[in-house]
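The values are calculated or read from the model by the stated rules, or taken from the named source; none is laboratory data. This is a predicted model, so every value here is computed, not measured. We place every Cβ from the backbone using ideal geometry, glycine too, and count neighbours over all the protein chains shown.
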Amino acid sequence: MKLLALDIPDNPAELPSWLERELVGFRLGELVAELSAVSGGTGQRPSLREVLGGRLQATLDRGLGELPAETLKHLLLWPHLLLDLQERVFNEGGSYWERLGPASGPPAEAVERGRNRLETFLGAEKWLREPLPRVLALRRAARYFGPALVGLATAAAVLFMVSLSQHHGERPPTHVPSLDTAWGWNKPDAFSANAAAGPYLKTLADEAKEWFNKRPEDSIALARRLTEFRQGCAMLILSDHQPLSPADRQWLVNRCRLWARNVDRHLNALEAGVDWRQVRTDADETVEKLIEALRQRALAVEGKAVRAELAPLA
Amino acid sequence: MEGTLAEVSHDDEQLANLIARRDRSDQAWEKARAACGRLYSRHAPRLLAFLAGRVNPSDVEDIHQAIWQRVWERWPRGFEGGHFRGWLYQIARHLAIDQGRKKRPQLLGESEPCDPHKGEPEETLHEEERMAALRRCLEQLGPDEAAVVRARLAGESYEEIAARLGLEVERAYRLFHQAKERLQACVQRVLG
């Protein structure tokens, strides 16, 4: 792991151009973290406007060369201001900034993956706007909204069961899926109330991994598998996740909404005629990413718990 | 995706207008799709850089995808002309907040609406580790070395440092480069 901050140029005259290239680069967050660890300022954090004063517009037009050395020092001393400045530059920066090559760009594969996902999305959107005879349109609409309906129906069923059990003063029962669909988050015991937060999130990641246990080999099997996964997302969104803190619960639900949306997109793509192998690859990628996100969160949650335990000893 | 646009340069707002007219005909749709691809090529690298500094690494690509989908879905209702880039980053900023994964909620700036997920600032593990490792390694340096590193990273020149710490300029330079090597090796060792 290379430390970025230590590459600060020896010659002060080169500081503005070095900082500019980092400012538009992919690793600014890392640089900010390093500067904060070493030389962060103390006291009330000033705003960008306070630090740059009347020079903000000139900076947006012509770069950091416009700033006196003392102002640059302030930016290094309050490195979070660099992120504020980056946002202003990306939003409002003039052609000077547009021409500037970054110190580090995003991985080319990330840009390409994003392009492919956007293309798939636009392909599905096009399919949806095609004029159709009314009956066929209704059939297509039913197919299009199928995954959403599955989610809604599941949600409705869960809510109904919850309200029923609350009426009778019982604990909400879990849904009872058929054997075929009882995998991943659809399992009756998918959401354990007794685990600690970290292991709970790891279990969710492991359950998501069950997606890979069965490899659909045609479009219909893939549609079924995706629908089941989508149903699991609905369960995840609607469950109360007792082991988690409110912030982690909120994170999980927000996150799952995004995953559910992606699964819907994969189904749309499949129904729009995109090759099932491609859709399966895209879906695999979605699942891999959500597993990674859950594991990362589990690690962060566990790290936080350990730090809280150690705090009194420090 | 960019194939159906003539090879003339369009500014963002012209491309945005093409997208706004997408429902007029099949041809308009294809132009809109190409325009969207061109906007993607133009803005995706910096948008990814923007997200990389603000959300967890494992979330960057998902949020990036969600931004472009939202851009398309909200056209033409959401974008009424004007500054496309500003609109794009507004969406990016809101999505980053909505997902509740901002690393540093306090970085949003003083005029921002309240972040509903604002609890304790949440650094990613990756950067937390980086910061902790660097702090720990800094403690292992000699006092002069550590002071020079802190001063250099606060933007002080060797002349300023030498005058303040009562060192020769040459000595300040050597101390920094010596410390740089030691810190790099130490962090490497700590983080594997």
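Some observations on this one:
- Complete set of residues in the range B:151-192 that are facing chain A (nearest Cβ under 9 Å) and touching a residue at least 24 places away in the same chain (Cβ under 8 Å): B:Arg152, B:Phe176, B:Ala179, B:Lys180, B:Leu183, B:Val187, B:Leu191
- Here the condition is being within 14 Å of another protein chain (Cβ to nearest Cβ) and either assigned to a loop (DSSP other than H, G, I, E, B) or touching a residue at least 24 places away in the same chain (Cβ under 8 Å) (or both); of A:Val287, A:Val274, it holds for A:Val287 alone.
- For the residues A:Leu82, A:Leu72, the requirement of being under 20 Å from B:Glu160 (Cα atoms), part of a helix (DSSP H, G or I) and touching a helix residue (DSSP H, G or I) at 6+ places or on another chain (Cβ under 7 Å) singles out A:Leu72.
- Residue in the range A:263-271 that is out of contact with any Asp or Glu (no Cβ under 8 Å at 6 or more places or on another chain), touching a residue at least 12 places away in the same chain (Cβ under 8 Å) and among the small types (Gly, Ala, Ser) present: no
- Residue that is nearest to the other protein chains (Cβ to nearest Cβ) [pool: residues in the range B:39-68 that are more than 14 Å from B:Ile91 (Cβ to Cβ) and hydroxyl-bearing (Ser, Thr, Tyr)]: B:Ser58
- Among residues of the range B:13-26 that are assigned by TED's automatic domain parsing to the domain that holds B:Leu88, those with a Cβ under 6 angstrom from a residue that is assigned to a helix (DSSP H, G or I) and surrounded by fewer than 17 Cβ atoms within 10 Å (Cβ to Cβ), sequence gap 6+ or separate chain, pair up as B:Arg21/B:Ala28; B:Arg22/B:Ala28.
- Verdict on B:Gln90 being of a type in the set (S, T, N, Q), at pLDDT 70 or above and not assigned by TED's automatic domain parsing to the domain that holds B:Leu18: no
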